Amino acid sequence: MRTRGLIMVAGLLAAGFANAGTGCELRLRPETSGFFLNPTLEKVTVVEAAAVDPDRPCPFLAGDELLQINEQVVPGQKARQVMKYWESLSKGMRLDFSVRRDEQVISIIIN
């Protein structure tokens, strides 16, 4: 069974990105399967992306699919595992995102 827009997962994922210091406010849409208390992330898509600081543009675009952050893979992983990893990230830490944009995989690096 697939669940779209699971509020708990989306809220926690967004909080993780804010804590990681991406310089963006992201609204995410997870697609999940499995048990609702700890679902498997099938796909996480950026719905909206806005810069927090006007002098530092947000490198994410609506429609980007998050594939990996540093060594943490996103699709196919349990939501709690991914959220725990994202919550452990700190501001100033180098972040290397792998993102699918327009059928191409790109790297977004944030220092």
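The values are calculated or read from the model by the stated rules, or taken from the named source; none is laboratory data. Note that the coordinates shown come from a computational prediction; the quantities given were computed from them, not determined experimentally. Heads up: the accessible areas ignore ligands, DNA and RNA and are worked out on the full protein's heavy atoms, side chains in. Shrake-Rupley method; radii C 1.70, N 1.55, O 1.52, S 1.80 Å.
Couple of notes before you dig in:
- Long-range amide H partners of Cys58 with built H, under 5 Å: Ala51
- Contour minus Cα-Cα distance for Leu67 and Glu87 (0.36 nm per residue): 5.5 nm
- Per residue solvent-accessible surface (Å²) - the range 22-86, probe of 1.4 Å: 51 Å²
- What the pair-distance distribution of the range 60-105 shows, using all Cα-Cα distances binned every 5 Å from zero, is 5, 20, 28, 24, 18, 5 percent.
- J(HN,Hα) series, the range 80-97, from Karplus relation 6.51 cos²θ - 1.76 cosθ + 1.60, nearest Hz, glycine and proline x: 5, 5, 5, 4, 4, 5, 4, 5, 7, 6, 10, 4, x, 7, 5, 10, 10, 9
- Less than 5 angstrom separates the built amide H of Cys24 from those of Val52, all sequence-distant by 5 or more or on a different chain.
- D_trans [Stokes-Einstein, Kirkwood Rh over alpha-carbon pairs] for the range 37-85, 20 °C, 1.002 mPa s, µm² s⁻¹: 177 µm²/s
- The 1.4 Å probe gives accessible areas that order Asp53, Asp64, Asp102, largest first, as Asp102, Asp53, Asp64.
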